[in-house]
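Below is one structure, written out as structure tokens; the observations come after it.
The values are calculated or read from the model by the stated rules, or taken from the named source; none is laboratory data. The shown structure was predicted, so the numbers you read here are calculated from the model rather than taken from an experiment. Cβ sites come from the backbone with ideal geometry, for glycine too, and all protein chains shown count toward neighbours. Protein only, heavy atoms only, side chains kept; ligands, DNA and RNA dropped before computing areas. Shrake-Rupley method; radii C 1.70, N 1.55, O 1.52, S 1.80 Å.
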Amino acid sequence: MESTRAVLRELRGAQKPAKGVSLYSRYVNRPAGRIFAAAAYRLGVTPNQVTAVSAAFTFGALAPVALVRPTWGLAVVIYLGLAIGFALDSADGQLARLTGRGGPDGEWLDHVVDCAKMILVHTAVLISFHRFFGLGSDGWLLLPLGFLFVAVLTFCAGLLREQLGRAAARSAPTAGAPAGPVSRLRAAALLPADYGVFCLVFLLLGDERAFRTGYAVLAAVHAVFLVAFLGKWFKELRALRAD
């Protein structure tokens, strides 16, 4: 079997394009996922099994958000679980490309876990708000519900944009325009919309006011990104219409 160093070299050459990816995913999450993918390859673990382990870390980290009164120590544990789960979420795809063992079942499973993650993370915050936070007003309970709406709509709309774009590209008689250079400025601007950056807010969970403030700011930023993304994706798909 190949050495870990050789596997890492192959994985670096089998990355998805960097376009549309934030600096966190490019320089933190993907490299971490590459290490997990190399370890999984050496151990003979399949991509779907890596997806299952990713789900276990993510859902295991979310359970105490809803069930345990927040403390600073718990906040660190929750963040680490979410961050490791996110890195493993990158590892399964990298492992699939390395081994050629990817397929519709793996892509489907990955999307199902991602969707469940989006729903559960904000549901867990809602439950924590209700059980443990001194909110002063029940209006605060609308915040995780609104964030949940924004997150799920962004996820579903982005997934549909990707799938419909692929279908249009397959039926197009000519190849599309070559991809332009990757903008570092755009990658930096996408940081607030990155799930890995979102996970950082859980480090504030030990202080109710700090967490609520950070969570509310991210909710507002994600809502702005949603509006921008919807307009961009609609224009892109409109441009693919057959005349």
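The table below lists the values:
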| quantity | calculated |
| --- | --- |
| Gyration tensor (alpha-carbon) shape descriptor, the stretch 20-90, a/c threshold 1.5 | oblate |
| Largest to smallest accessible area among His222, His122 [probe 1.4 Å] | His222, His122 |
| Cα long-axis angle, helix 47-67 against the chain (0 to 90 degrees, to the nearest 10) | 10 degrees |
| Pairwise FRET efficiency - Leu203 versus Leu135, Cβ, R0 = 22 Å, nearest 0.05 | 0.60 |
| Helix-only CD estimate at 222 nm, as mean residue ellipticity for the chain, using -39500 (n - 2.57) per DSSP H run (n ≥ 4) | -24500 deg cm²/dmol |
| Label of the coordinate-derived value, Cα Rg over 2.2 N^0.38 Å, listed as [x] 0.96; [y] 1.08; [z] 1.31 | [y] |
| Portion, in percent, of the accessible area of the chain that falls on carbon or sulfur, probe 1.4 Å | 67 percent |
| Accessible surface ranking that places the most exposed of Thr99, Thr213 first, with a 1.4 angstrom probe | Thr213, Thr99 |
| Gaussian network model of the chain, Cα within-10 Å springs - most flexible of Ser183, Ser128, Ser25 | Ser183 |
| Most mobile of Gly146, Gly44, Gly106 in a GNM of the chain (Cα contacts under 10 Å) | Gly44 |
| Choice from Ala91, Ala83, Ala187 with maximal GNM fluctuation in the chain (Cα, 10 Å cutoff) | Ala187 |
| Heavy atoms of Asp114: accessible area, 1.4 Å probe, square angstrom to 10 | 20 Å² |
| Solvent exposure ordering (accessible area, 1.4 Å, most first) of Val113, Val217 | Val217, Val113 |
| Accessible area per residue, Å², the chain with all protein chains present, probe 1.4 Å | 54 Å² |
| Phe149-Ala167 pseudo-label distance in nm [points 7 Å out on the Cα-to-Cβ vector] | 2.7 nm |
| Cβ-Cβ FRET estimate between Glu10 and Leu191, R0 fixed at 35 Å, reported to 0.05 | 0.75 |
| Label-point separation in nm, Leu160 to Thr46, each point 7 Å along Cα→Cβ | 3.2 nm |
| From phi via Karplus (6.51, -1.76, 1.60), per-residue ³J(HN,Hα) for the stretch 97-104 in Hz, x at Gly/Pro | 5, 5, 8, x, 9, x, x, x |
